[in-house]
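Below is one structure, written out as structure tokens, with a few remarks after it.
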């Protein structure tokens, strides 16, 4: 299996995987054409790799497309599992829409910047002044119901499987649970309802490398978001090195592509198989 990496740190433990600097990819057309998989390209490389070079990409194109923007992500969640999405309002930023959201959302509520990660761009709105300050920072208004939790789950998907997860306890300096913002990793049992929800979302949308954030409210799971390039601090501690899991998935998906009725080279294995499991 011939692999090329565009992220040296993410593939540090991969065996004999050449690294190409993303800015130099057009000068390596021969190597790219010979590769079975292109690993962790930059978002801006995706369309060229997929449509011009017609290569297999990991993480999947869907992981990039939905993971790049919280608006796209949330709308996809609403389409697949609407009962598991907190009440959310999304509008273009205008005085009229800002006032409409303010009138509809009960306090407190959460506001987000659509393109952000690691807890950045997430605000707890407790007053009109908080709301006005948020509105000055974004072109798209994203307001979401505040859930009464002091922890959430990070559930990790590799390929079409959940490979592990852990709890994140809220930090002392705010309402964020992100490890990067002071949240604390806690090992513990992962509720089956949360695992089923994550599998349904990942398999339906074709997401094959992600850390899903799930809130449990009275034993009922709500999906908050997922991160395609999730942090590794909690992963390494409680799950271990994911390299063997990724390599096993890539080899299996490559073999599936080679079958007469296998998916084409633009479609990861998890996107088309186990359709019956999606509705479970």
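So, residue 41, is that one within 18 Å of the chain's Cα centre (by Cα) and outside the structural domain of residue 141 (by TED's automatic domain parsing) or not? Yes; evaluated as a whole, the condition is true for this residue.
Between 124, 128, 153, which is in contact with a strand residue (DSSP E or B) (Cβ under 8 Å, 6 or more places away or on another chain) and surrounded by fewer than 17 Cβ atoms within 10 Å (Cβ to Cβ)? Give the steps one after another, and end with the answer.
Numbers: 128 fails: in contact with a strand residue (DSSP E or B) (Cβ under 8 Å, 6 or more places away or on another chain); 153 fails: surrounded by fewer than 17 Cβ atoms within 10 Å (Cβ to Cβ).
On inspection, the qualifying residue turns out to be 124.
Limited to region 163-189, what total is found for residues that are crowded, with 18+ Cβ neighbours inside 10 Å and modelled with pLDDT of 85 or more?
Of region 163-189, the ones crowded, with 18+ Cβ neighbours inside 10 Å are 164-168, 170, 176-179, 183.
Those left that are additionally modelled with pLDDT of 85 or more: 164-168.
Number satisfying all stated conditions: 5.
Counting only residues that are at pLDDT below 95 and in contact with a helix residue (DSSP H, G or I) (Cβ under 7 Å, 6 or more places away or on another chain), region 114-152 holds 4 of them.
Just for strands (runs of 3 or more DSSP E) wholly inside region 1-113: which have at least 3 residues that are at pLDDT 95 or above and closer than 24 Å to residue 252 by Cα?
On the way: elements: 3-5, 37-39, 88-92, 109-112.
Once the strands (runs of 3 or more DSSP E) in region 1-113 are filtered for at least 3 residues that are at pLDDT 95 or above and closer than 24 Å to residue 252 by Cα, what remains is 3-5, 37-39.
Residues that are over 18 Å from residue 115 (Cα atoms), surrounded by fewer than 18 Cβ atoms within 10 Å (Cβ to Cβ), in contact with a helix residue (DSSP H, G or I) (Cβ under 9 Å, 6 or more places away or on another chain) and in contact (Cβ under 8 Å) with a residue 24 or more places away in the chain are absent from region 202-213 altogether.
The values are calculated or read from the model by the stated rules, or taken from the named source; none is laboratory data. Since this is a predicted model, take the numbers as computed values, not measurements. For neighbour counting, all protein chains shown are included, and Cβ atoms are generated from backbone atoms with ideal geometry for every residue, glycine included.
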